[in-house]
1. Hey, ASP226 hits all of (1) touching a Ser or Thr at 6+ places or on another chain (Cβ under 6 Å); (2) modelled with pLDDT of 95 or more but one; which does it fall short on?
2. Test of understanding: among VAL99, VAL33, VAL106, which residue is open to solvent by less than 60 Å² (accessible area, probe 1.4 Å) and over 29 Å from THR160 (Cβ atoms)?
3. Report yes if some residue within region 264-272 is of a type in the set (A, V, I, L, M, F, W, C), in contact with a Pro (Cβ under 7 Å, 6 or more places away or on another chain) and in contact (Cβ under 8 Å) with a residue 24 or more places away in the chain; otherwise report no.
4. Please find, within region 111-144, the residue that is farthest from ARG30 (Cα to Cα) out of those that are among the charged types (D, E, K, R) and in a loop (DSSP other than H, G, I, E, B).
5. Restricting attention to region 208-240, and to residues there that are open to solvent by 70 Å² or more (accessible area, probe 1.4 Å) and touching a residue at least 24 places away in the same chain (Cβ under 8 Å), which single residue is nearest to GLU289 (Cα to Cα)?
6. Filter region 151-173 down to residues that are of a type outside the set (Lys, Arg), in a strand (DSSP E or B) and either over 28 Å from ASP140 (Cβ atoms) or open to solvent by 20 Å² or more (accessible area, probe 1.4 Å) (or both), then give me how many there are.
7. Which residue out of TRP78, TRP44 is aromatic (Phe, Trp, Tyr) and at pLDDT below 95?
Amino acid sequence: MMKPESVRISDATEDTVAEIVAGFGFNCYRLVVKHGGQDVNVIWSAPGFEDGTERPSGSGIPILFPFPGRIQGTSFTWEGTDYSLPAGDGQGNAIHGFVHERAWRVIQQESDRVVGQFQASVDDPSLLAQWPADFRLTADYQVQPDRLHCSYRVENPSDTPLPFGLGTHPYFSLPLGGKDAGRCQVRLPVSQRWELVEMIPTGHQQDLSSDEDYQVGKVFEGLILDDIFTGLTAAEERVVTSIEDPDSGLRVTQTFDATFPHCVVYTPPHREALCIEPYSMVSAAYQLEQGPAACGLRVLPPGETIVFNVTIEMSR
């Protein structure tokens, strides 16, 4: 097995460095920011992830498309046609779409920027039998001092409507320059969660209890989550989430478009990272009675384009 193609980008001072494995989901598996002469890992990945042998959704920043999260079972129906999907979550459900585990093409590269693209009909035509329309997804990563900006452009190059959802799945390293991950504070502007049964949304949304005020912060110690939150508060059409390490004084802030109305928060069993995942759609939208508006399902007409933005920044 050949090692997948990887790309390194950095700011002019080399104090902010990102590495993207284009041949394995265009995954930004490494983001390092220098603070006070110390290299701080912002993004966690399993050792050797860039070799393409680790679980594709288990490290770095997996890109989840054309559906983030789970679709119950291995099929769904769209406009009267049934589509078969591969099971992927160990429980018999389809999960996280297609692009996070496939090779992308690098279409532009500079010292501080790299652009990758995946199109079903070009890069894996077998997907055309698994989804209602062809799709083209372009990811644009650019580093600036202390910052990574991510732009995701969804295009419908086919002659039929494209139903889709987009999510990202960043693994934020803990601690952030300190010595105790458990002391790190997590802040999320959320007010509701989707009710889940065996990890599948039922369609019901629940208000958070008074002891779940993530907006004022929760310590990582004892926090165990694999939840889909909603009711996100946005300011000027942007949602801000953060993790702060009180020992180092460092904070990582993830800001994303309000076009992501849902946010999955996951605490991996290894406790070396925390995932805060912007989702444009709850994937069970294809099977829930609530309809597209509640679930975030988008249908892109032929020839149309939509862009989503996420920024990750380290500060003190």
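The values are calculated or read from the model by the stated rules, or taken from the named source; none is laboratory data. From a predicted model like this one, the values you see are computed outputs, not experimental measurements. No Cβ is skipped: glycine too gets one built from the backbone with ideal geometry, and neighbour counts run over all protein chains shown. Just so you know, the surface numbers come from the protein's heavy atoms only, side chains and all, with ligands and any DNA or RNA stripped out. Shrake-Rupley method; radii C 1.70, N 1.55, O 1.52, S 1.80 Å.
1. Here ASP226 meets the rest and fails (1).
2. One residue alone meets the criteria, VAL33.
3. Checked against the condition, which is being of a type in the set (A, V, I, L, M, F, W, C), in contact with a Pro (Cβ under 7 Å, 6 or more places away or on another chain) and in contact (Cβ under 8 Å) with a residue 24 or more places away in the chain, region 264-272 yields no hits at all.
4. ASP134
5. Taking the candidates together, the pick is THR233.
6. Total meeting the criteria: 2.
7. TRP78
So that you can scan it fast, the table gives a plain yes or no per residue for (1) among the polar types (S, T, N, Q); (2) surrounded by 18 or more Cβ atoms within 10 Å (Cβ to Cβ):
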site: CYS263; (1), (2): no, yes
site: TYR266; (1), (2): no, no
site: ARG271; (1), (2): no, no
site: PRO301; (1), (2): no, no
site: THR305; (1), (2): yes, no
site: GLU313; (1), (2): no, yes
